[in-house]
Structures are given as C-alpha cells and as structure tokens.
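The values are calculated or read from the model by the stated rules, or taken from the named source; none is laboratory data. All values reported here derive from a predicted model rather than from experimental measurement. Every residue, glycine as well, gets a Cβ built from its backbone with ideal geometry; the counts of neighbours run over all protein chains shown.
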Amino acid sequence: MRLLIINPNTTASMTEKVGHAATLVASPGTEIVARNPSTGPASIQGVEDGEAALPGLFAEIDKADGFDAIIIACFDDTGLYAARQRTKVPVIGIGEAAYHYAMLVAERFSVVTTLSVSIPVIQENIMRYGLSARCGKVRASNVPVLELERPGSVARETISDEIATALLHDNSDAIVLGCAGMADLAADLSARHHVPVIDGVAAAVKLAEGLVTMRLGTSQSGPFRRSLTA
C-alpha cells in the first residue's frame with residue numbers, strides 16, 4: 001500500500017515532520033510519501049491562506065500516480081471536498097479523521113489549534129460534518145504555525161497549558177490537536193494530561209489504510225462518492 005501525504009503549505013520541515021509521524025503509525029508494508037507544493041503560503045492560518053494553498057495542493061493531487069490513498073495534512077481540511085472529485089482514490093483530511101477517532105474514545109472532545117483566525121474554519125467544518133454536539137470547544141493556543149518548527153520554542157508548553165484549560169472548563173475527555181505541525185506532540189501531551197490527545201496525521205493514516213483494505217472510495221461514481229462531495 002502506498003499513501004501520499006500532501007502538506008498544502010510550502011514549509012519543508014513540517015512536511016518532513018508529518019511524514020515521520022505517519023511512518024511511525026503505518027502498518028508494515030505501507031509506504032509513506034510526504035510532499036508539499038513549491039508555491040503557496042508558508043503556513044495556513046485562516047481562510048485566505050487556505051484559498052492561496054489550493055492551486056499548489058490541486059497540482060500535487062493531479063500529478064500523483066501509483067498511490068492507494070491521499071491524505072491532506074492541513075487541519076482545516078483545505079480543499080478536501082474538491083480534492084475528492086479530482087482523483088479516484090480515497091482522500092482523507094486530518095481534521096475529519098481526528099474528530100472521528102476522538103468520538104470513538106470520548107463522549108466530548110475539545111480542539112486546541114494555533115491562532116484564533118483558524119477557529120471559524122474549524123468550527124464550520126465540525127458543523128458540516130455533523131459533529132457539533134460532540135465538540136466542547138475549539139480553542140486557540142496563540143501559537144503561530146511556524147513557531148512549531150522553531151528550535152527552542154515554548155510552543156509545547158503553551159499548548160499544554162491550553163489543554164489543561166480545556167479539560168478544566170469544557171467538560172471534554174479527549175483533546176484533538178488542531179494543526180499538522182503538532183503531530184509530534186500527541187504522545188507526550190497525552191501522558192502529561194492522562195487523556196487521549198489525538199493527532200490527525202496518525203488518525204488519517206489508519207483511516208486511509210482501512211479504506212484501502214476495504215476497497216472503499218475508489219470510484220468517482222456511485223452513492224459513496226456522491227455522499228463525500230455533496
């Protein structure tokens with residue numbers, strides 16, 4: 001099985017991090033390939049960045065060949081529905097994947113993302129997916145995306161503090177990390193706070209493997225495809 005992970009921004013260090021996180025959870029025999037466009041925003045923070053990332057994202061999808069599934073490694077699920085119409089293989093967004101994993105282990109989850117500009121996009125996605133009743137709150141840690149790539153950054157502690165606040169006030173019993181750049185933090189933060197902390201990259205890899213194994217989402221026609229793109 002070959003899975004293509006596309007980081008829609010142009011920051012290569014984040015792409016490398018995402019690819020490594022995916023490899024750690026992939027099943028034996030699953031090959032992970034991680035790529036990012038050469039043009040577009042360096043990070044995706046809000047609607048304008050998401051729109052600016054679409055040409056590069058779609059170009060990567062259109063030239064992808066020999067992959068069994070594609071993962072969009074942006075928590076905003078940038079271009080997800082349109083991407084599903086451009087290819088015959090399953091396309092998974094890390095946001096949607098993370099929410100579904102959270103609901104399997106908790107009654108309610110909170111999302112801890114980067115900046116407040118990302119909150120409306122995430123909230124709209126959760127509503128579109130029909131999951132609002134299970135989400136306690138979408139919270140901003142006020143950590144810029146690229147701060148997650150800076151050596152010596154205090155981003156981990158800042159995100160941890162926001163998780164503590166969520167667990168205290170949101171009546172949630174799981175946390176979803178709202179950025180692909182947080183992929184390497186999940187295990188440590190879960191152990192620190194004694195609750196499931198879910199990384200969307202890992203969740204998307206396992207869901208993609210399952211869809212491929214079950215031969216789902218491999219046709220652009222039929223009820224399944226229509227339900228994904230409606």
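Condition check ((1) over 11 Å from Pro8 (Cα atoms); (2) in the same structural domain as Pro8 (by TED's automatic domain parsing); (3) at pLDDT 95 or above; (4) not in a helix (DSSP H, G or I)) across all residues:
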{"residue": "Gln45", "(1), (2), (3), (4)": "yes, yes, no, yes"}
{"residue": "Leu57", "(1), (2), (3), (4)": "no, yes, yes, no"}
{"residue": "Asp77", "(1), (2), (3), (4)": "no, yes, yes, yes"}
{"residue": "Ala83", "(1), (2), (3), (4)": "yes, yes, yes, no"}
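Looking only at region 104-122, which residues are among the polar types (S, T, N, Q), in a helix (DSSP H, G or I) and either closer than 16 Å to Cys74 by Cβ or touching a Pro at 6+ places or on another chain (Cβ under 9 Å) (or both)?
Listed by number, the list holds a single entry, Ser118.
Among the numbered conditions (1) in contact with a strand residue (DSSP E or B) (Cβ under 8 Å, 6 or more places away or on another chain); (2) assigned by TED's automatic domain parsing to the domain that holds Ile6, tell me where Lys206 comes up short.
Lys206 satisfies every listed condition except (1).
Only strands (runs of 3 or more DSSP E) wholly contained in region 128-230 count here; list those with 2 or more residues that are within 23 Å of Val91 (Cα to Cα) and modelled with pLDDT of 95 or more.
175-177, 197-199
Residues checked against (1) within 17 Å of the chain's Cα centre (by Cα); (2) surrounded by fewer than 16 Cβ atoms within 10 Å (Cβ to Cβ):
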residue	(1), (2)
Ala59	no, yes
Asp68	no, no
Tyr81	yes, yes
Lys88	no, yes
Val91	yes, no
Ser110	yes, no
Leu115	yes, no
Leu131	yes, no
